[in-house]
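What follows is a short report on a single structure.
Every number here is computed from the coordinates shown, using simple stated rules; none is lab data. Everything quoted here is computed from the prediction, not taken from an experiment. Here Cβ is always computed from backbone atoms with ideal geometry, including for glycine, and neighbour counts include all displayed protein chains.
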Amino acid sequence: FPWFMKIAEEKVYYGLVNDPPAVVIRDKNAQVSGMNLVKNMPKISDYVNKYYKTVEVVGDTELMVRN
């Protein structure tokens, strides 16, 4: 899956920008095949960090809403 994000990141990013979700649920430590998902999609991660704020954390999972 992480290799797919490197290929599809631009399309996913375009979707985020053009139809931003009200809520993002993110686990910064999530891994597939030993690869961190957030690190494999830096453009999406930067967008989420810029436009969303964490309102609650449960374990490693963040509940985020738009700023």
Connecting every pair of Cα atoms under 10 Å apart in the chain and solving the GNM, the largest mean-square fluctuation among Val23, Val32, Val48 falls on Val32
If you plug each phi of segment 5-16 into the Karplus form 6.51 cos²θ - 1.76 cosθ + 1.60 with θ = phi - 60°, what whole-Hz ³J(HN,Hα) values come out, in order, with x for Gly and Pro?
-> 5, 5, 7, 9, 3, 4, 5, 5, 4, 4, x, 4
Output the relative contact order of segment 2-66, whole-number percent, from Cα pairs under 8 angstrom with separation of 6+ residues.
-> 37 percent
Report, by chain and number, residues whose modeled amide H sits under 5 Å from the one on Asp27, excluding near sequence neighbours (fewer than 5 apart, same chain).
-> Glu62
Estimated dipole of the chain in Debye, rounded to 20 [Cβ of Lys and Arg +1, of Asp and Glu -1, Cα centre] | 160 debye
Computed over the chain, Cα set: Rg, Dmax in Å = 11.9, 33
